[in-house]
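Please read the structure below before turning to the comments.
The values are calculated or read from the model by the stated rules, or taken from the named source; none is laboratory data. Please read all numbers here as calculations on a predicted model, not as lab measurements. A quick note on method: Cβ atoms are made from the backbone with ideal geometry, for glycine too, and the neighbour counts reach across all protein chains shown. Just so you know, the surface numbers come from the protein's heavy atoms only, side chains and all, with ligands and any DNA or RNA stripped out. Shrake-Rupley method; radii C 1.70, N 1.55, O 1.52, S 1.80 Å.
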Amino acid sequence: DKAGHRHFMAKEIAEQPEVLSHALTYYLDPCDGRRQLEAELDFSGIDRIVMVACGTASLACFVSKYWFEQIAGLPVEVDIASEFRYREPPLNARTLALFVSQSGETADTLAALRYCRGRAGKIVSIVNAAESSIARESDLALPILAGPEIGVASTKAFSCQLVVLAAMALQAARQTGTIDAGEDSRLSGLLRQVPGQVSAALALAPRVQAVSAQLARHADVLFLGRGPFYPIALEGALKLKEISYIHAEGYAAGELKHGPIALIDEEMPVVVLAPSGPLFDKVLSNIQEVLARAGKVVLVSDAEGLAAAGEGLWQTIEMPAIEGPFAAIAYVVPMQQLAYHTAVEKGTDVDQPRNLAKSVTVE
Ligand code: F6R
């Protein structure tokens with residue numbers, strides 16, 4: 001049931017404020033999820049987290065690396081399951097092995113989990129399908145509570161994975177003592193604002209749709225970001241290529257001059273995710289490098305960032321101003337909508353893109 005939407009993907013994008021609120025209540029307020037985290041997940045004996053996943057789920061891990069490291073002071077390695085499983089990396093009893101999977105059945109992720117059995121201190125999974133193989137074989141399986149995701153391109157599962165990972169990072173910080181009660185309640189308060197920020201981002205659909213109508217005419221698109229916005233840029237590129245079949249690549253903005261800048265010309269749209277804040281000036285200089293080569297910049301930022309960027313931008317998407325480390329979550333929404341509207345504009349099969357399966361149970 002598409003609940004009045006044209007595609008499951010549109011319905012699942014629109015559902016995000018509701019499912020995110022649900023997941024946050026479960027993990028932040030004194031109910032089951034929070035109790036389970038406190039009782040069954042003890043970070044005090046952990047000195048590193050190894051996160052393993054595929055595709056979009058691996059990008060959720062990558063975003064959360066910034067939170068675990070900055071908020072909880074815990075080193076995080078993020079690995080793609082198909083690489084991890086054959087590399088046979090060293091692990092020990094102080095390693096927490098964390099697997100993220102919407103379906104809970106991805107073959108490479110499951111094989112990576114089995115490799116960690118008997119090697120890592122604890123095996124935790126974050127899944128949407130609670131009855132899945134990955135959930136069953138974990139010491140602790142945390143549900144993301146997104147509800148069924150039908151569209152092949154992952155949307156609400158990704159944002160729910162992000163808020164569960166954020167809640168886990170806060171739990172880790174409490175247990176390792178890197179935050180005090182005041183900082184805990186400040187950060188928890190910021191995390192509780194995410195569903196409202198996602199609603200505000202959803203309201204930008206008409207603007208995003210106008211940008212998509214332009215993107216649909218191009219053969220290649222670059223996505224740039226820094227910090228946690230870098231993996232969100234990777235997700236924007238992945239989503240666009242999956243459903244619109246436009247060639248898209250994501251880069252850390254600082255990598256621009258180490259290669260991809262050679263691609264920039266008047267035919268190359270560059271989507272830049274850059275809220276105002278400490279890294280903004282760095283990204284602005286990357287934007288200027290693109291503009292100097294006649295590249296077409298689509299800047300996704302808040303009012304302050306857009307004002308500071310000045311003239312010469314091709315397109316803009318104005319996000320609400322968002323404070324704190326979890327701002328990247330709301331920036332997922334324009335990435336999802338850009339991909340969705342570009343695909344609709346091109347007339348591709350949004351919910352069943354060619355060559356892709358919802359659950360990749362073979363290597
Ligand atoms: C992207 C997408 C895939 C999945 C990947 C992992 O939109 O859906 O990249 O994220 O195949 O799947 P799960 O999360 O089921 O392990």
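Observations, loosely collected:
- Inter-label distance, nm, simple model (7 Å from Cα along the C-beta direction), Glu88/Arg293: 4.2 nm
- Residues of type aspartates and glutamates that Lys358 reaches as a straight line, Cα spacing below 20 Å, ignoring anything fewer than 8 places off in the same chain: Asp1, Glu12, Glu15, Glu105, Asp108, Glu131, Glu149, Glu235, Glu242, Asp349
- Helical contribution to [θ] at 222 nm, DSSP H n ≥ 4, -39,500 (n - 2.57), averaged over the chain, rounded to 500: -14500 deg cm²/dmol
- Heavy-atom accessible area order for Asp351, Asp220, largest first, 1.4 Å probe: Asp220, Asp351
- Heavy-atom accessible area for Ser138, with the other protein chains in place and a 1.4 Å probe, reaches approximately 20 Å².
- Using alpha carbons only, the radius of gyration of region 216-281 set against its Kirkwood radius gives Rg/Rh = 0.97.
- Model label zone, Glu255; criterion: amide N under 19 Å from point 7 Å along Cα-to-beta-carbon; scope region 70-112: 76-84
- Extension gain, Ile150 to Thr25: 0.36 nm times the residue separation minus the Cα-Cα distance gives 42.6 nm.
- From the alpha carbon centroid of region 47-109 to that of region 145-172 is 15 Å.
- The accessible surface of the chain, taken with every protein chain in place and a 1.4 Å probe, is 50 percent carbon and sulfur.
- The angle between the Cα long axis of helix 16-28 and the longest principal axis of the Cα atoms of the chain comes to about 30 degrees, rounded to the nearest 10.
- Taken over region 1-159, lysine pairs spaced eight or more positions apart, or on distinct chains, with alpha carbons under 21 Å apart number 5.
- Cα-derived Rg to Rh of the chain, Kirkwood definition: 0.96
- Mean separation of Cα contacts under 8 Å (6+ apart) over length of the chain, as relative contact order %: 19 percent
- Note that region 145-265 presents 33 Å² accessible area per residue, ligands and nucleic acids not counted, probe 1.4 Å.
- Cut-off under 5 Å, modelled amide H: who pairs with Lys296 long-range: Met268, Val270
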